[in-house]
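Bear in mind these aren't lab numbers, they're just calculated from the coordinates by the rules spelled out. A quick note: this is a predicted structure, and the numbers were derived from the prediction, not measured. We place every Cβ from the backbone using ideal geometry, glycine too, and count neighbours over all the protein chains shown.
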């Protein structure tokens, strides 16, 4: 049975490796789903380029960036004041908050708002409440420790979002941001009012365009979604969980995000043209610091920091030989099979 499935799989997969180089900007273009400097002898997987992304030249680099902006999910302003906080810790310190106290725990969080926003604890949940206005505004809480560094995982439940006029000019999100910088450097996951999408993004350094991934997952304003930001070494992974028993699903992975120190924010943003008031509800925040051990790290079979066709070739060799090895058993069930290929493919296509 394995040989039959392998033959079918091999024919389909082998047919993908034909020349499929598409020029987009200067000498930059898509090779499969990779944005690279094009060469005449390139042979690439014949799959469509990532939806909603474009490949452009920025300086001497080829970079991917979003070529669309959903009407209700406006880009974050490139510059906004981030409060200066005297660091209490030299590095990341794990903590959790289920928001069960009567008031916001000021030992863990500080607050900031450009429109007299409030951070209230209601029914054991954090409510960020901000009234309507006439300009772009934010209301957030952020970790008192502004020197979070190294590996960490930050999780929170985005419970719900609503605006005063029920229009779509507001988002709620969790983000990691470097402080005291002239431009945004960091990464985030967010949801919008009246939007079925969950969105992840990272901010290029030095004011370059924000890169984002939009995925429609059937969200409604009052449907909770659990989200997770994970930084391990030089890689950032962003996940969502619909809390339906299927666990976290990878939304974005990148090695181009900001890797310096900073703080974590939970916040609402309000955009034009209506600049509505907004209430975002958050729950069960967890920050875990230190080296993160994950099964999905094994997708990088040769441990070179990349998820690429070299890893696929190593998995394929073991699979063809009808062997089972820990290095190619990505789901941890003791077997090397097509389920492991699907895991590799998910990470490869989102890389």
Handout entry: Filter result (touching a residue at least 60 places away in the same chain (Cβ under 8 Å), within 24 Å of residue 149 (Cβ to Cβ) and in a strand (DSSP E or B)) within region 205-238
Key = 210, 211, 227, 228, 229, 230, 231, 232, 235
Handout entry: Residue count for region 218-251, restricted to those that are out of contact with any strand residue (DSSP E or B) (no Cβ under 7 Å at 6 or more places or on another chain) and surrounded by 13 or more Cβ atoms within 10 Å (Cβ to Cβ)
Key = 3
Handout entry: Selection from region 176-197 of residues that are assigned to a strand (DSSP E or B) and at positive phi
Key = 186
Handout entry: Failed criterion for residue 241 (all others in (1) more than 23 Å from residue 114 (Cα to Cα); (2) touching a residue at least 40 places away in the same chain (Cβ under 8 Å) hold)
Key = (2)
